[in-house]
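**Q** Questions regarding the structure given below will be posed in turn.
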Amino acid sequence: MSASKRTAPDVRNAARPEWTTARRIVVKIGSSLLSDKDTGALKSDWLKSLLDDVAQLVADGKQIVLVSSGAIALGRHKLQLPKGPLELEQSQAAAAVGQISLAHAYQELARERKLTAAQILLTLGDTEERRRYLNARYTIETLLELGAIPVVNENDTVATTEIRYGDNDRLSARVASMVAADCLVLLSDVDGLYTAPPGVAHSTKRLDVVTAITSEIEAMAGDAGTELSKGGMKTKLEAGKIAFSAGIHMVIASGKVLNPLREIYEGCACTWFLATSDPLTAKKRWLAGQLEQKGNVFVDAGAEKALAAGKSLLPAGVVRLEGSFDRGDAVVIRATDGRELGRGLIAYAKVDAARIIGRKSSEIIEILGVSRCDELIHRDDMALHKVTAQN
Ligand code: GLU
């Protein structure tokens, strides 16, 4: 946030560089922050202050994705469901009712700040299955490029127990990894990780910084969430593991204050989980090692040079395809003599890819009737071996 807009004097710690340099930030908002515990009503003053912070961050050139809980908490109140645990069907009904109010609130508050909110409802499969993962990612990326604020929640109305996250801590970490965010913020009713779960030890201390989620750290988390929020510290640490494996910094901070994101900027009490590898390196490690390869993409010398120079793979540089793959599958990129150049996630299914190889990206729409993207494999979805282009 720009210094001129700050209202509080600089009496506390300075903002961490992980926050000031972050370009893309995912913010998870817990149910207890949005819905009054007794009346179930939307805490609109708080939400207004959050949207003020978002508007300021956007004005400062950052891209923000919100992952908002609160649908079930708001909906159960409107449906006058009893207190206590809900049956799955009741949660789904409550989510259906609450999500409308939630989306409406974000839409209105964003509009008042000349921002556009966009609703994205995801299921576990959308973040785990590669083809759907790419679809969701392209949509969120496109919204960010268009200057909109994606507001994500789990699609609770269709998610059954087996295919459900159930908590937005882990969902938000998956979203952060999906869009290669620099920073993930978990706003809830706790201001960080303490050396012991609440009520367990006489004296506990909040940790300022965590750099690895060891068994010792895990022992510090209790596992109970509150009635409103599904996640406790345990799911927050799960989120931390996902964030770390994607090279993303995470911060657990209290949302019980107004302007909670400005508070982070101003150096409030919180726990930072500092990732040691950068997002791209982490993603490339994942791409290089863990995926089952579904085919081979043979590229010409020109494309090989372009790849070595850090460019994406365009259909024009591809001479031959082998294997059977769907959109989003992992493939091996090879030179015409068979040398493995790297691996990547292919953006077109084999049937479509076969029709566009050797052709200009501008022709894709004419050939396929639809053009999802210019690249066959985007450079962010690619891990190249350390090779230099052959002359
Ligand atoms: N998706 C749930 C909702 O909107 C919240 C899950 C959670 O509390 O993390 O109510």
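The values are calculated or read from the model by the stated rules, or taken from the named source; none is laboratory data. Only a predicted model underlies this, so the values are computations on that prediction, with no experimental measurement involved. A quick note on method: Cβ atoms are made from the backbone with ideal geometry, for glycine too, and the neighbour counts reach across all protein chains shown. Heavy atoms of the whole protein, side chains included, go into the accessibility calculation; ligands, DNA and RNA do not. Shrake-Rupley method; radii C 1.70, N 1.55, O 1.52, S 1.80 Å.
**Q** Looking at Q119, Q80, Q90, Q99, which is the one that is within 16 Å of the ligand (Cβ to nearest atom) and modelled with pLDDT under 95?
**A** Result: Q90 is the single residue among Q119, Q80, Q90, Q99 that is within 16 Å of the ligand (Cβ to nearest atom) and modelled with pLDDT under 95.
**Q** How about the stretch 102-111: which of its residues are in contact with a helix residue (DSSP H, G or I) (Cβ under 8 Å, 6 or more places away or on another chain) and away from the ligand (no atom under 14 Å from the Cβ)?
**A** Result: L109, A110.
**Q** Please identify the pairs in which a residue from the stretch 138-165 that is in contact (Cβ under 8 Å) with a residue 12 or more places away in the chain and farther than 30 Å from E87 by Cα has its Cβ atom under 6 Å from the Cβ atom of a residue that is open to solvent by 50 Å² or more (accessible area, probe 1.4 Å) and more than 16 Å from the ligand (Cβ to nearest atom), counting only partners at least 6 apart or on another chain.
**A** A148/T116
**Q** Between a residue in the stretch 101-127 that is within 20 Å of Y165 (Cβ to Cβ) and any residue that is outside any strand (DSSP E or B) and of a type in the set (D, E, K, R), which pairs come within a Cβ distance under 7 Å, given they are 6 or more apart or on different chains?
**A** From residues that are within 20 Å of Y165 (Cβ to Cβ), the pairs are L124/R164; G125/R132; D126/R132; T127/R174.
For (1) assigned to a loop (DSSP other than H, G, I, E, B); (2) open to solvent by 50 Å² or more (accessible area, probe 1.4 Å), each residue gets a yes or a no:
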| position | (1), (2) |
| --- | --- |
| E322 | no, yes |
| D326 | yes, yes |
| R334 | no, yes |
| R343 | no, yes |
| A347 | yes, no |
| E366 | no, yes |
| R372 | yes, yes |
| E375 | yes, no |
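**Q** Right, next: Consider only pairs whose beta carbons are under 6 Å apart and that are at least six residues apart or on different chains; among these, list those whose first residue lies in the stretch 20-33 and is among the acidic types (D, E) and whose second residue is open to solvent by 20 Å² or more (accessible area, probe 1.4 Å).
**A** From residues that are among the acidic types (D, E), there are no pairs.
**Q** Counting only residues that are free of Cβ contacts under 8 Å to residues at least 40 places away in the same chain and within 22 Å of M233 (Cβ to Cβ), which one in the stretch 245-274 is nearest to the chain's Cα centre (by Cα)?
**A** Of all residues in the stretch 245-274, those free of Cβ contacts under 8 Å to residues at least 40 places away in the same chain come to 247, 257, 263.
Within this subset, residues satisfying the condition of being within 22 Å of M233 (Cβ to Cβ) are 257, 263.
Details: V257: 24, E263: 22 Å.
Taking the candidates together, the pick is E263.
**Q** Hey, E129 hits all of (1) away from the ligand (no atom under 16 Å from the Cβ); (2) touching a strand residue (DSSP E or B) at 6+ places or on another chain (Cβ under 6 Å) but one; which does it fall short on?
**A** Only one criterion in (1) away from the ligand (no atom under 16 Å from the Cβ); (2) touching a strand residue (DSSP E or B) at 6+ places or on another chain (Cβ under 6 Å) is unmet by E129, namely (2).
**Q** Just give me the residues in the stretch 165-178 being open to solvent by less than 50 Å² (accessible area, probe 1.4 Å) and either within 14 Å of the ligand (Cβ to nearest atom) or under 16 Å from S68 (Cβ atoms) (or both), in sequence order.
**A** Residues satisfying the conditions are Y165, G166, D167, N168, D169, L171, S172, A173, V175, A176.
**Q** Considering the stretch 66-89 alone, what residues qualify as being under 20 Å from V175 (Cβ atoms) and either out of contact with any Leu (no Cβ under 7 Å at 6 or more places or on another chain) or part of a loop (DSSP other than H, G, I, E, B) (or both)?
**A** Answer for the stretch 66-89, where residues must be under 20 Å from V175 (Cβ atoms) and either out of contact with any Leu (no Cβ under 7 Å at 6 or more places or on another chain) or part of a loop (DSSP other than H, G, I, E, B) (or both): L66, S69, G70, I72.
**Q** Still on this structure: Condition first: charged (D, E, K, R) and either assigned to a loop (DSSP other than H, G, I, E, B) or closer than 25 Å to K234 by Cα (or both). Now tell me which residues in the stretch 128-177 satisfy that.
**A** Passing the criteria: E128, E129, E154, D156, E162, R164, D167, D169, R170, R174.
**Q** Sticking with this structure for a sec: Identify the residue in the stretch 31-45 that is part of a helix (DSSP H, G or I) and within 16 Å of the ligand (Cβ to nearest atom) and, among all such residues, is farthest from D156 (Cα to Cα).
**A** Filtering first and then ranking leaves L33.
**Q** Next up: Could you name every one of the strands (runs of 3 or more DSSP E) located completely within the stretch 183-274 that has at least 2 residues being at pLDDT 90 or above and open to solvent by 70 Å² or more (accessible area, probe 1.4 Å)?
**A** Values: elements: 183-188, 249-254, 270-273.
Output list is empty.
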